[in-house]
Amino acid sequence: MTETIQLGGAKETGFFPRLRTIIGRRTEGRGVILLLVILAVLAFTQPLVFTALPVTIGRIALIGIVALGLTAVILMGELDLSVASTLAASGVVVAIIPDLRIAIPAALLMGIVVGIINAFFIAIVGIASFIASLGMLFALSGLAFVLSNEVPVSIANQDAGLAFGQPLFGPVTPRILLFFLVFIAIQLFVTKVKAGREFFAVGGNRQAAYDSGIPVKRRIFTGFIISGFVSALAGVIYTLELTVATPTAGSTVLLASFAAAIIGGNYLKGGRGSIIGTLIGASSLGVLQVALFLSGVQVPVQNTLIGAILLIAVITDPSSLRAISARVRATLPDRTKVEAQ
Amino acid sequence: MAAVVEAKNITKAFGGVKAVDDVSVSVEAGEILAVVGENGAGKSTLMRILAGIETQDSGQVIVSGEVIPKSDAKASIDAGISLVHQELSLVPEMTVAENILLGSAPTTVGITRTRQMKQIAQAALEEIGVSVDLDERISKLSVALRQFVEIARAVARKPKVLILDEPTASLTPAETDYLLSMLQRLADRGMSIVYISHRIPEVFRLCDTVTILRDGKQISVLDVAKTTPQQVIDQMVGRELKKDLESKRSSSPGHVVLKAVGIRAEGVNDISLEVRAGEIIGLGGLVGAGRTELVRAIIGADPRKLGKVTLTVNGKTKVISSFESAVKAGVGYVPEERRTDGLALTMTVAENITLPNRKELSASGFQLARKIRTFADDLSKRVGLRPPEIDREAGQYSGGNQQKIVIAKWLGRRPALIVLDEPTRGVDVGAKAEIHRLVKELADNGTAVLVVSSDLPELLELADTIHVVRDGTITGTLSQEEADEKRVMSLAAGEQVENA
Amino acid sequence: MDKKTTLTQQMAVAQEPEKAIVERKTGALSWVAQNGIFIFLAVLILVASFAVNGFASLENLTSILNRAAPIGIVAVGMTYVVISGNYLDLSVVAQVATAGVIFLAVGNEYGLFVAALAAFAASLVYGIVNGVAVGYFKANAVIVTLATTYIGLGLLRFFSGGSIFFGNPDGPMEQFGQAKLGPIPASTFVLLAITIVLSILLTRTNFGFLVKSFGVNEKATRLAGVNTDRVIVGAFLVTAFAATLAGFVFAAYSNTAVSTMSQGFDFRALAAIIIGGTSVFGGRGSVLRTLLGVMFVSVLNNILVLVGISFGYQQLALGIIILLAVTLDVLSRKLGEK
Amino acid sequence: MPSLTPPSGGTQRERKRGKMRKSRLILAPAAMLAASALILSGCAAEETTETTESAETESSSDDTTTEEAPAETFEVYALFPQGNDQAYGSTLIEPLQANGAELGINFTLSNSGYDATKQLAECEIAVAAQPDGIMLWPAVGSAVRPCLVAADNAGIPVWVINTDVGPADAPLTYGYSGPDTYGQGVASAELMCEAVDGEEVGIIQVNGAAGNGTAIDRDNGFTDHVEANCPNVTILAEQNADWTPAGAKQVAADMISAEGIENIGGIYAADDSMVDGAVQALEDLGEDASDYFITGIGNTKLGNPLVKEGKMYGTVFQSSVWEGENAPEYMHRVLTGEIAKGDRVTAYMPSVKVTAENADDPEVAPEW
């Protein structure tokens, strides 16, 4: 009787095999390729993107922050369509409360509450996240208009807002700092913290998660609270930087956030993806937008280009390619001459 | 000696049908208890209740004198009950180490202690004697390895009782052998084991006690040392099992209908085979040997890398390149996963039966409602659907009836070739006999039949010729006269297997 | 969905030795959820007739119908994508606007027939690109149609320069926009006609059956020898054709078209579909129900405007109604299962 | 053919631009034929007249600069909330670029789609690119301070167009040229009051897109003036529409139902396109729009014919060409140091009222 059994899959040794193994485990491939292509093109055509790096990073922060929170939800195979409305509504909350020391916590709290309401409908009532958050999308956008009385609201403390837009040190503005803090926090949360790691289990095999005693409902709450909180934080940042809250804020946020997450290799059905991927996706979009702006490309053309990239990103998903190659193979003539008698 | 885990008077009903009916089991430290029964006897449900995944309607689960709260997986795990699932419950995109400690990773203020996690995972793997890269993702592992990772997970929880639900279904004999000796080692160290299987030889090799379930009821609890396999089997089935020689058909195969040459696909390595009209070809072998992959590649349900398949009907030979072309040429396919691949459960029986026959039942795209009804009605009666109510949702029928619906939908096409993958898995005895009758009837009427089955008696009963598949190749072909369980198993395993 | 119960129940049922057929109990709540949309619509209309000034008048009826027609035609078409289990088609926004602009810009120059050809050619492109990406490439419908929205609106704005296009006075578009039978505008008949046609297509034809079947179980449908990819392309084509028709109706309504005209049609149409009771998981739903959902949303919207409620509250109300409608549906199904 | 503003180089440019515009437009609108009439100055608000005059005098003083070949070229980032994707933007950008080219200004255009945050981000990039100047058309008038501060810190002059910044932010800019949005609302109210002529009249009001700055300013201008100067006009109901005729038609029809057609004497819509929709709503009820007091803003290609047909009493001309032509002129004067920081020049586009009397004048030929 043998004492151990060898079933294959042993650890690879040697530098290159190990490197290959490590790369093979990542999900960000397409995002990296896109980013590299964009950067390579820009190195020749728009070097300004690099010389104005802080601004470019600021732009990435703007696109990316909501996407980071959204990724937490996507990892669990859920969707949150209410992020942009949360942003708008919390932004208005910041502006209508005169004292920022109350206003900011109130706005952030609101984000948390939105997350809880979303999660309640999804985990407790049992509505698909797609619909629950669609309802919240309308409700919160309405709330933003109601609270603001349908007009832009200036914050009382204009100076605080202006100061907020200034670099803290070097080129780092609070927005960039907060963006990286959020990135690091969520990244650590989903890679190091047990509850966060379990997001992958909830998204990858929900039944297994239940069976292993993972409190799936609580994880769903956590995910939507993260998404709501980050969206509200973005709302706070937007309002402070602008010194004004507009009920229409974030009109482009929802779609851009999804685009960033998808380009970064996050699988919408859950279980596969990474926060780093979203960062890469947001970087690709951000750099691209800065470059297109600097080139003075018309917005309709920009949008067409971004749409095309998104379409390419989604149809070059490995599972898409597998599906289509299987189809192509099925229609090709059989290659059996060797085997045929 | 006191029982470590005790389940008292467990009852659980689904929609009025008692899946588990007043069952009590207990296991002592170091004891290996077998729970046996046919498919659908209630074994898995009972174990899921033990593990806190399913909520019992009544009854208690008691671990070391403490009653475990109902339907609380975490509490059950904490109390020392660990379940190795029948269907693999691993997270494909997480690593081996993470899966082993899924839901129970060691943390400091919520942060996973990766190194400790790996140590525990490593220790668990060492305990069961398996070596695998801890950082590898599950999606990259072989089925057998996943099974062992699953066991490692259960072991890592330091359970008082380890429950294994059909752990050997996807293992080769060598692996099975290894698994059984490993479990023996664990039991020797005082761990209690509940072993669910319907492979009687394994039970007799490994277990101390055997509990027999039939139709949710507990039939008996026997001391393995004082019983015989035949006794256990008789109690499982509830009747004397003997080879039904009368049912043998006299086959007179016609022309070659299916010709598959040099099939290579994922898990299939250069297989050629032929099926003639009126002939039933059986594909035997272990789960994971490549049989399902083979038939799916043949009929184009999955892509094949290489190979040519032709179907000859009425003297015309057509090349099969995709599943659509296969169906068009006259292939019917009863897939392994009935509930996910075979049926649309929330659609009616009529809708399911007519799904592949829509073109024939329509005029310029419009459905012919009356024709559809008579068509579905005739077929549901022909396959013996009970009750034959074609407006009911397919999901409301039992497993056996559902399988009849799947078969009915292909019968309607009068297929030249029908491929059946595990046609009676999870089907009760009565329906099983009816399905066998249907298959034979089909062959008698000149249909070529290709059947995949892990159920050896079934294979022996149905097939005129059995091809045994192992590791993606055919390792042997047995005619009906030559075939017996022993020969098939030894070819499937690639070695001599002693008969228990 | 309460994943826990359903998943475990499903798994358990799979192993369950059923001898008898499980009867599904259906309670009052379930009945309400099944037919709630009728009741709510009736109650809404009844209450408004008494309580809201100006609601119960022929003119207002016309107004409601005018409001319902374009979004209704879109929603009725999009029901196909939803029933096929693909969530929604975001690109209807671009499709409606593209069609509207083409009908007026091309129609003024070359006549309505050429314009219709051009508009339906455009919808063919939309339907095929969306359908091929979702069907053949197995890409997520939300992202695919998001991408085609970007592309479509980008191209439309680039070529139209964002101008408001207006039809020749007394041209065919204006004539259609003005045409009425009694108080009922012609667009209502278009809505009814397409609802009937698409309802028949869904319930009486093979294609419709396959769309539904795909929505219930993609694999089983494929393993019945159906070219499911083509079915998906078909579903997106139906949506695209309907959106083009909506573009025509909407452009004719005011005899104008501009690239922003259909803003919000995507989620509003989906809201109507959901309120009508079509499941976003696919497989369950009907075109007629969508029509009711559209009427409900239009009547509600009309009432809110009549009583002078501002835009913000209108949005808020729509959101809450979506949540309520779906909660009721889910709860009734849960009770029904027990 | 004098344009509304008389920079002397204008005529030549006008023709060239006219040709370009024609080639761009796909549609054949109801053709506008010129007739001779003078601009009716009417009873324009005092401050508006003043600023208009000052704009005229100042712009005529830079004749010399414009006629010479540009001595140096300037890079200017134009941060707009719309562009070639909207009619006004399209017809503004053409003269802007044409005139800019003559003056040696190279514009890099951006379009934030009325997203204030996106515009701020674009402003940051623009500031980082260190251009000679920034031309800002605020997405939200009150939400530009951070951008202005950033530009100020970087020493980049900012010229504001279309939507002026608030008084607190004004010192950070070199000036403003464009419509007096609030004043437009006022002018439209003046037309309304004039049309109603003391009668007791209830009207319905169609505002622009909810939350949009222009919509809010026009609403305020109109409402304030009506309240203060003609209390005989009662606003019965108001709703937002999305600037489109179809949207306006829908809400107008609903408001008419709610208030009862017999109680309604007039309609004000914040934009001529929406007037078109509201007029259609009336006509759908079999009413003759000329029986109602209707005013709008824009004098657009949809609105001007309505005035001529008598369906709309009057509208207020917003000339995209005026704005597009003048913006580079002022920008150039800023860049050449002619307008110094602190001068804060405000050049309002004349809020020319267009009624049946002058609707055919070439000066008020609709542009977009």
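The values are calculated or read from the model by the stated rules, or taken from the named source; none is laboratory data. Everything numeric in this text was worked out from a predicted model, so none of it was measured. Here the Cβ is made from the backbone with ideal geometry for all residues, glycine too, and neighbour counts use every protein chain on show. To get the accessible areas, we keep the full protein, side chains included, count just its heavy atoms, and leave off ligands, DNA and RNA. Shrake-Rupley method; radii C 1.70, N 1.55, O 1.52, S 1.80 Å.
Among the conditions (1) free of Cβ contacts under 8 Å to residues at least 12 places away in the same chain; (2) touching a Gly at 6+ places or on another chain (Cβ under 7 Å); (3) not hydrophobic (A, V, I, L, M, F, W, C), the only one that residue B:472 does not satisfy is (1).
Residues considered: B:422, B:481, B:461. Of these, the only one that is assigned by TED's automatic domain parsing to the domain that holds residue B:297 and in contact with a His (Cβ under 9 Å, 6 or more places away or on another chain) is B:461. Inside region C:144-159, residues that are more than 21 Å from the chain's Cα centre (by Cα) and at the interface with another protein chain (Cβ under 7 Å from one of its Cβ atoms) make up a count of 5.
Here the condition is being touching a strand residue (DSSP E or B) at 6+ places or on another chain (Cβ under 6 Å), crowded, with 24+ Cβ neighbours inside 10 Å and assigned to a helix (DSSP H, G or I); of A:84, A:72, A:95, A:89, it holds for A:95 alone. For residue A:108, state whether it is touching a residue at least 40 places away in the same chain (Cβ under 8 Å) and either within 14 Å of chain C (Cβ to nearest Cβ) or under 19 Å from the mean Cα position of the chain (by Cα) (or both). Yes. Comparison of A:298, A:302 shows that the only residue that is buried (at least 16 other Cβ atoms within 10 Å of the Cβ), more than 7 Å from every other protein chain (Cβ to nearest Cβ) and either modelled with pLDDT under 80 or touching a Leu at 6+ places or on another chain (Cβ under 9 Å) (or both) is A:302. All but one of (1) modelled with pLDDT of 90 or more; (2) assigned to a helix (DSSP H, G or I); (3) within 30 Å of residue A:219 (Cβ to Cβ); (4) not small (Gly, Ala, Ser) hold for residue C:46; state the number of the condition that does not hold. The one condition residue C:46 does not meet is (3).
Consider region B:109-158 and keep the residues that are open to solvent by 20 Å² or more (accessible area, probe 1.4 Å) and of a type in the set (Gly, Ala, Ser). The one that is nearest to residue A:205 (Cα to Cα) is B:139. Does any residue of region C:163-180 turn out to be assigned to a helix (DSSP H, G or I), more than 8 Å from every other protein chain (Cβ to nearest Cβ) and without any contact (Cβ under 8 Å) to a residue 12 or more places away in the chain? Yes. Of the listed requirements (1) crowded, with 22+ Cβ neighbours inside 10 Å; (2) at pLDDT below 90, residue D:259 misses just one: (1).
Just checking, how many residues over region C:260-275 are in contact with a Pro (Cβ under 9 Å, 6 or more places away or on another chain) and of a type in the set (Gly, Ala, Ser)? The number of residues fulfilling the criteria is 1. Here residue D:272 passes the criteria (1) surrounded by fewer than 24 Cβ atoms within 10 Å (Cβ to Cβ); (2) within 14 Å of another protein chain (Cβ to nearest Cβ); (3) out of contact with any Asp or Glu (no Cβ under 8 Å at 6 or more places or on another chain); (4) of a type outside the set (A, V, I, L, M, F, W, C) except the one numbered (1). Just one residue in the set C:234, C:282 is at pLDDT 95 or above and within 14 Å of chain B (Cβ to nearest Cβ); that residue is C:234. Residue check: residue B:71 meets all listed conditions (1) farther than 17 Å from residue B:196 by Cβ; (2) away from chain A (no Cβ under 12 Å); (3) of a type in the set (Gly, Ala, Ser) but one, namely (2). Would you mind stating whether residue B:44 is closer than 29 Å to residue B:181 by Cβ, assigned by TED's automatic domain parsing to the domain that holds residue B:199 and open to solvent by less than 10 Å² (accessible area, probe 1.4 Å)? When the stated conditions are applied, residue B:44 does not pass them.
Here the condition is being assigned to a helix (DSSP H, G or I), at negative phi, open to solvent by 20 Å² or more (accessible area, probe 1.4 Å) and out of contact with any strand residue (DSSP E or B) (no Cβ under 6 Å at 6 or more places or on another chain); of D:283, D:325, D:357, D:338, it holds for D:283 alone.
Take the residues in region B:84-108 that are outside any loop (DSSP other than H, G, I, E, B) and facing chain A (nearest Cβ under 7 Å); name whichever of them is surrounded by the most Cβ atoms within 10 Å (Cβ to Cβ).
B:98
Among the residues of region B:64-83, those that are in a loop (DSSP other than H, G, I, E, B) and over 17 Å from residue B:158 (Cβ atoms) comprise B:65, B:69, B:70, B:71, B:72. Counting only residues that are open to solvent by 30 Å² or more (accessible area, probe 1.4 Å) and hydroxyl-bearing (Ser, Thr, Tyr), region D:225-244 holds 1 of them.
Quick check, is residue C:238 at negative phi and part of a helix (DSSP H, G or I)?
yes
Just so you know, in region B:434-455 the residues that are charged (D, E, K, R) and touching a residue at least 24 places away in the same chain (Cβ under 8 Å) include one that is farthest from residue B:407 (Cα to Cα), and it is B:455. Take the conditions (1) at pLDDT 85 or above; (2) open to solvent by 20 Å² or more (accessible area, probe 1.4 Å); residue B:39 misses just one of them, which is (1).
Output the residues belonging to region C:62-86 that are outside any helix (DSSP H, G or I) and in contact with a Phe, Trp or Tyr (Cβ under 6 Å, 6 or more places away or on another chain). If you could, list the steps in order and put the result at the bottom.
Taking region C:62-86 and keeping what is outside any helix (DSSP H, G or I), we get C:84-86.
Hit for region C:62-86 is C:84, nothing else.
Residues that are within 14 Å of chain C (Cβ to nearest Cβ), modelled with pLDDT under 85 and open to solvent by 10 Å² or more (accessible area, probe 1.4 Å) within region B:1-36 comprise B:13, B:14, B:15, B:16, B:17, B:18, listed in sequence order. Hey, among the residues in region D:181-224 that are among the charged types (D, E, K, R) and part of a helix (DSSP H, G or I), which one's surrounded by the most Cβ atoms within 10 Å (Cβ to Cβ)? Once the filter is applied, the top-ranked residue is D:218.
Close Cβ contacts (under 6 Å, 6 or more residues apart or on different chains) running from residues in region A:305-321 that are facing another protein chain (nearest Cβ under 7 Å) and farther than 25 Å from residue C:153 by Cα to residues that are assigned to a loop (DSSP other than H, G, I, E, B) and of a type in the set (A, V, I, L, M) comprise A:320/C:139. Taking the criterion of being farther than 18 Å from residue D:93 by Cβ and not in a loop (DSSP other than H, G, I, E, B), the residues of region D:118-138 that qualify are D:118, D:120, D:121, D:123, D:124, D:125, D:127, D:128. Checked across region A:167-175, the condition of being in contact with a strand residue (DSSP E or B) (Cβ under 7 Å, 6 or more places away or on another chain) and part of a helix (DSSP H, G or I) holds for no residue.
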